[in-house]
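This report concerns only the one structure given below.
The values are calculated or read from the model by the stated rules, or taken from the named source; none is laboratory data. Note that this is a predicted model, so its numbers are computed, not measured. Positions of Cβ are generated from backbone atoms using ideal geometry, with glycine treated the same way; all protein chains shown enter the neighbour counts.
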Amino acid sequence: MDRDRVLLHMNNYIEKMPSLPTTVSKILQLCNDPRTSPNDLNKLISLDPVLMGRVMKLINSAYYSLAQKVTSLVRAIIMLGINTVKNLALSTAVLTQIGGKKNFNALNMEGFWRHSICVGVTAKLIAQKRQVNPKDLEEYFIAGLLHDIGKLPMNNKLSMEYIEALGETERSRIPLFLAEHKYFSLDHTDVGELIIRNWKLSNDIRDVVCFHHKISEYAGPHKDILYTVAVANYFASANEIGFSGDRYPEQLKDDLFAYLGVGWEYLDSLEEQIKSAIAKAHIFLEVAQ
């Protein structure tokens, strides 16, 4: 298919998608302001009963295993942290707009989200090992969770062709993004960029979505999070944790692992932590739906 025609088709579809709900957009703006307090979020979220219910459901879920039930919204926000609340709001928007079961055709929803959760969880664990500021850890999780978001419009609107691309990865034993190029003259990172720009998400998430298969081309300021998600993505694909269509991922260069100070032995040692965290993180997505 012609690249310009595919881009036009995808862009038309993405522009017709509902924009981020007003509450979510305002939460993202608030959370980008270092002066924002839990009480600021409390005032905003109190105006959205659905989101308020999801925040309360999350803090009282098995994910946090608290001894006593939390009934105060502002206390829930304090305990969860501003970034977690932001990511819950964003995840809710993604799942309701393009990530729900009704939208999955070529890809399997359960496999796709399990892969995405694994990448988010693994990225967060690597960031913890590297002593990333605790306030930024949820950003690593959400970047990992959303890294393949560009596959969803392709899966939704070009299902038959996408099935062919998935078949090509098996026949030729090549990474999915190369098979996508063969059938569409672009890949899911190009489509993902359209979504990120349309929804005006943060630059670090945009760079992860756009460059996780184009590491050597990247010259921006967000190498830490990009490299971390790229390694986490390779780990999830190579170990077939979930399935996002990429059974034959491209081998990453050793200097990427060296930059992060992690090796395959370390990643393998995380297996039980990752499995446990994936099980808990499913609650995060269940709450968001």
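At a glance:
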item: Criterion (closer than 30 Å to Gln29 by Cβ and over 14 Å from the mean Cα position of the chain (by Cα)) met by exactly one of Val229, Val262, Val191; result: Val191
item: Number of the condition not met by Ile241 [criteria: (1) crowded, with 20+ Cβ neighbours inside 10 Å; (2) under 28 Å from Leu267 (Cα atoms); (3) of a type in the set (A, V, I, L, M); (4) touching an Asp or Glu at 6+ places or on another chain (Cβ under 8 Å)]; result: (4)
item: Condition check for Glu168: free of Cβ contacts under 8 Å to residues at least 40 places away in the same chain, of a type outside the set (Phe, Trp, Tyr), in a helix (DSSP H, G or I) and buried (at least 16 other Cβ atoms within 10 Å of the Cβ); result: yes
item: Residues located in the range 125-141, provided they are over 16 Å from His212 (Cβ atoms), at pLDDT 90 or above and in a helix (DSSP H, G or I); result: Leu125, Gln128, Lys129
item: Qualifying residue in the range 181-191 (condition: buried (at least 19 other Cβ atoms within 10 Å of the Cβ), in a helix (DSSP H, G or I) and free of Cβ contacts under 8 Å to residues at least 60 places away in the same chain); result: yes
item: Single residue of Ile205, Ile283 found to be crowded, with 18+ Cβ neighbours inside 10 Å and either free of Cβ contacts under 8 Å to residues at least 40 places away in the same chain or of a type outside the set (D, E, K, R) (or both); result: Ile205
item: Those residues of the range 219-256 which are part of a helix (DSSP H, G or I), in contact (Cβ under 8 Å) with a residue 12 or more places away in the chain and under 20 Å from Leu166 (Cα atoms), in sequence order; result: Asn233, Tyr234, Phe235, Ala236, Ser237
item: Cross-chain or 6+ apart pairs with Cβ under 7 Å, the range 134-163 first and closer than 14 Å to Ile14 by Cβ, then aromatic (Phe, Trp, Tyr) and surrounded by fewer than 24 Cβ atoms within 10 Å (Cβ to Cβ); result: Pro153/Tyr13; Asn155/Phe104; Lys157/Tyr13
item: Failed criterion for Lys157 (all others in (1) modelled with pLDDT under 95; (2) under 19 Å from the mean Cα position of the chain (by Cα) hold); result: (2)
item: Whichever residue in the range 62-85 is modelled with pLDDT of 85 or more and of a type outside the set (A, V, I, L, M) and, among such residues, is surrounded by the fewest Cβ atoms within 10 Å (Cβ to Cβ); result: Gln68
item: Condition broken by Leu30, with the remaining ones in (1) aliphatic (A, V, I, L, M); (2) without any contact (Cβ under 8 Å) to a residue 60 or more places away in the chain; (3) touching a Phe, Trp or Tyr at 6+ places or on another chain (Cβ under 9 Å); (4) farther than 30 Å from Ser276 by Cβ satisfied; result: (3)
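Residue-by-condition table, conditions (1) among the hydroxyl-bearing types (Ser, Thr, Tyr); (2) at pLDDT 90 or above:
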site	(1), (2)
Leu226	no, yes
Val229	no, yes
Asp254	no, yes
Val262	no, yes
Tyr266	yes, yes
Phe284	no, no
